[in-house]
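Please treat every number below as a calculation from the coordinates, not as lab data. Everything numeric in this text was worked out from a predicted model, so none of it was measured. Glycine also receives a Cβ, built like all others from the backbone with ideal geometry; neighbour counts cover every protein chain displayed.
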Amino acid sequence: MTLTPKQVLGHKLAGISWALLILLCLSWEIWLAPLRSGGSWLALKALPLLFLAKGMIKRDNYTLQWGSMLVWLYFTEGIVRGFSDTNQVSAWLAIGELVLSLLLFAGIALYLYPMKKAAKRLKKAAEPRTE
């Protein structure tokens, strides 16, 4: 299947923001601003993102679809911790998480939109006409 330039851009945006989101989650909770000194078990929050790895590499539509729903958990955490954490470093890292989650969603949506549109056209064409 040939990808449009927008789809290529969307996949690159999704891949880069996905990798950066994993790095941010791990470094945040292990080194930069952990809840407890020496690291935090909260670093495991990066684990669900690793389940997207195969789908990101192979451009699997189904994996990217559920990944677009998963990303809202990171968005929510970014909103909550960005505006409630008293530690300034942690608050700024949360805002970074929020931005990366939005970029990941936008990249996935940009990649999947033409395929969803084509699938709807095919479904509509396959429906029997009643006149």
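With +1 on the Cβ of every Lys and Arg and -1 on the Cβ of every Asp and Glu, and nothing else charged, how large is the dipole of the chain about its Cα centre, in debye rounded to the nearest 20?
700
Across the range 95-116, the residues whose backbone nitrogen lies under 18 Å from the label position 7 Å along the beta-carbon direction of Leu3 are 103-116. Remark: the range 1-71 carries a charge dipole of roughly 160 debye about the Cα centre, counting +1 on each Lys and Arg Cβ and -1 on each Asp and Glu Cβ.
Taking a straight line from the alpha carbon of Lys45, these aspartates and glutamates sit under 19 Å away, with near neighbours fewer than eight places off in the same chain left out: Glu29, Glu77, Asp85, Glu97.
Hey, got the dipole for the range 37-106? About the Cα centre, +1 on K and R Cβ, -1 on D and E Cβ, debye to the nearest 20? The partial results should precede the final answer.
Values: 5 positive and 4 negative charges, 52 e Å.
Rounded to the nearest 20 debye, it is 260 debye.
Could you work out how far helix 61-84 tilts from the main Cα principal axis of the chain, as a 0 to 90 degree angle to the nearest 10? Helix 61-84 and the main axis of the chain meet at about 30 degrees. Taking K and R as +1 and D and E as -1, what net charge do the other residues with C-beta under 14 Å from the C-beta of Leu52 add up to? Here the charged neighbours net out to +3. Straight-line reach from Lys12: taking Cα to Cα under 18 Å and skipping same-chain neighbours fewer than 8 places apart, the lysines in range are Lys54, Lys58. Any idea what angle helix 88-126 forms with the longest principal axis of the chain, computed on alpha-carbon atoms, 0 to 90 degrees, nearest 10? Approximately 10 degrees, to the nearest 10.
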